[in-house]
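Peer 1: A single structure is presented below for examination.
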Amino acid sequence: MTLFSTGEVSKKINISLRTLRYYDQIGLVVPTIKKNNGKRYYSEDDLLLLEKIILLKSTSMSLKDIRQIINQVTIDKILTVHKKQLETNIEQLNLSLQHTTTLLNTLKLEGTLQWNHLLPLLSEEENSKKQERKKKLWSQLFNKEEQSILSENLPKMEDPLIIKWINIIKRIELCLENGTSPSSMEGQLIAVDVDLLTLESFGDKPDLIDKFWEIRKSEETSAELGLYPINKEVLIFLEEAIVHHEATKSI
């Protein structure tokens, strides 16, 4: 029979010596051999039991509950629990990845981030209320078909498409900084690019695009809908550029 010292067990399954001693004290995992000098030795079955406990603890199960079910846990149940835990980890990582990408894109837009942007903005309860209000407002402003189209196509801060919109905004900001007119060559090129990007984002839905654009020009409504706030001067420049471009096309 292969035996392992407490130090070997600690390294082998990544468990602290203090935890091993505690499990021994409460009778949860008692080493197969205890010598008079205090040394403890664990068998392979002891290690398997410890690994079961570690796995069940990772699901936030209490030691009391673990003690009650540990000897009844089958391999199938262990794998099922492990699978659910992995799925939860993946979901949390995906959310973290989306949040990090959002922050990176926000940084590209604003050039800086406040520390409060790196922290949860609202409590879970307040966030739930905010989401409910936002959902209600979307329903009031758009019908179900329009909501479906916008939900599927409207670029989010974590989407790659948002980079193209960020570049548009940056180009407009440069025009404003340099005093470049919306009717200038650069202004008209921006209008053309916005037309192409709008088609890519929303498809050929002119009525919906016009409706969304009117709502987007309201800073208050945009904020309530959870849309990223865009400087009013940028929106005015873009609208004037588009109007001039449409007038030029109709000549």
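The values are calculated or read from the model by the stated rules, or taken from the named source; none is laboratory data. Here the structure is a predicted model, which means the values were calculated and not measured. Because the Cβ atoms are built from the backbone with ideal geometry, glycine has one as well, and the counts that use them run over all protein chains shown.
Peer 1: Out of the range 13-43, which residues are within 21 Å of His82 (Cα to Cα) and in a helix (DSSP H, G or I)?
Peer 2: Ile13, the sole residue that qualifies.
Peer 1: Same structure, new question: If you check Ser10, Ser60, which single one turns out to be among the small types (Gly, Ala, Ser), surrounded by 14 or more Cβ atoms within 10 Å (Cβ to Cβ) and either at pLDDT below 90 or part of a helix (DSSP H, G or I) (or both)?
Peer 2: The match here is Ser10.
Peer 1: Please pick out the residue among Glu219, Glu214, Glu173, Glu233 that is at pLDDT below 75 and either of a type in the set (Gly, Ala, Ser) or over 27 Å from Asn94 (Cβ atoms) (or both).
Peer 2: Of Glu219, Glu214, Glu173, Glu233, the one residue that is at pLDDT below 75 and either of a type in the set (Gly, Ala, Ser) or over 27 Å from Asn94 (Cβ atoms) (or both) is Glu219.
Peer 1: What is the number of the single condition among (1) without any contact (Cβ under 8 Å) to a residue 40 or more places away in the chain; (2) more than 16 Å from Ile166 (Cα to Cα); (3) touching a Phe, Trp or Tyr at 6+ places or on another chain (Cβ under 8 Å); (4) of a type outside the set (Phe, Trp, Tyr) that Lys211 does not meet?
Peer 2: Lys211 satisfies all of (1) without any contact (Cβ under 8 Å) to a residue 40 or more places away in the chain; (2) more than 16 Å from Ile166 (Cα to Cα); (3) touching a Phe, Trp or Tyr at 6+ places or on another chain (Cβ under 8 Å); (4) of a type outside the set (Phe, Trp, Tyr) except (1).
Results for (1) assigned by TED's automatic domain parsing to the domain that holds Leu63; (2) of a type in the set (A, V, I, L, M, F, W, C); (3) in contact with a helix residue (DSSP H, G or I) (Cβ under 7 Å, 6 or more places away or on another chain), shown as yes or no for each residue.
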{"site": "Ser10", "(1), (2), (3)": "yes, no, yes"}
{"site": "Ser16", "(1), (2), (3)": "yes, no, yes"}
{"site": "Tyr22", "(1), (2), (3)": "yes, no, no"}
{"site": "Gly27", "(1), (2), (3)": "yes, no, no"}
{"site": "Thr32", "(1), (2), (3)": "yes, no, yes"}
{"site": "Asn36", "(1), (2), (3)": "yes, no, no"}
{"site": "Tyr41", "(1), (2), (3)": "yes, no, no"}
{"site": "Leu48", "(1), (2), (3)": "yes, yes, no"}
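Peer 1: Shifting gears a bit: Look through Asp204, Asp210 and report the one residue that is assigned by TED's automatic domain parsing to the domain that holds His244 and not in a helix (DSSP H, G or I).
Peer 2: Being assigned by TED's automatic domain parsing to the domain that holds His244 and not in a helix (DSSP H, G or I) holds for just one of Asp204, Asp210, which is Asp204.
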